[in-house]
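Comments concern the structure below.
The values are calculated or read from the model by the stated rules, or taken from the named source; none is laboratory data. On a predicted model such as this, the values are computed, not experimentally measured, just so you know. Quick reminder, even Gly has a Cβ in these numbers, built from the backbone with ideal geometry, and neighbours come from all protein chains shown. Remember, those area values only see protein heavy atoms, side chains included, never the ligands or the DNA or RNA. Shrake-Rupley method; radii C 1.70, N 1.55, O 1.52, S 1.80 Å.
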Amino acid sequence: MRERAADLFAQGRGYVSVARVLGVPAKAVRRWRRRYRAVGRESLLGMGETPGKYGFEARLAAARAVVGDGMAKPEAMRGFGVANMASLDNWCRLCRGEG
């Protein structure tokens, strides 16, 4: 199903349209689209596998890019290869609180 969603995203379809076509809740498809845009098709197809490990320096660099430099989160996800917005949100929260 995620493979079909990736094909539809590649055609420029939005998450609501893809959700209707696939009969899947829009909230789930929105999460798929975010991941697809951030780190690509292969990452979307690999959802559910063991997540990648990010070293301290990578986490810090991504968080500083968002918190300190004002980079948009989707752009940071693409640039640093972060597959999960929740991880980036957590790193940003820690960066704001602990520096």
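Observations
- Note on the chain: helix-only mean residue ellipticity at 222 nm, from DSSP H runs of 4+ residues weighted -39500 (n - 2.57) and normalised by residue number, equals -21000 deg cm²/dmol.
- The chain - Rg over Rh from alpha carbon coordinates, Kirkwood radius: 1.03
- Accessible surface of the chain [probe 1.4 Å, protein heavy atoms]: carbon and sulfur percent: 49
- Under the convention that each Lys and Arg Cβ holds +1 and each Asp and Glu Cβ holds -1, the size of the dipole of the chain around its Cα centre is about 400 debye.
- Accessible area per residue for the chain is 63 Å², calculated with a 1.4 Å probe on protein heavy atoms, without ligands, DNA or RNA.
- When the chain is treated as a Gaussian network with alpha carbon springs shorter than 10 Å, the biggest mean-square fluctuation among 83, 38, 28 belongs to 28.
- Efficiency of FRET from Cβ geometry, residue 7 and residue 78, R₀ 22 Å, rounded to 0.05: 0.65
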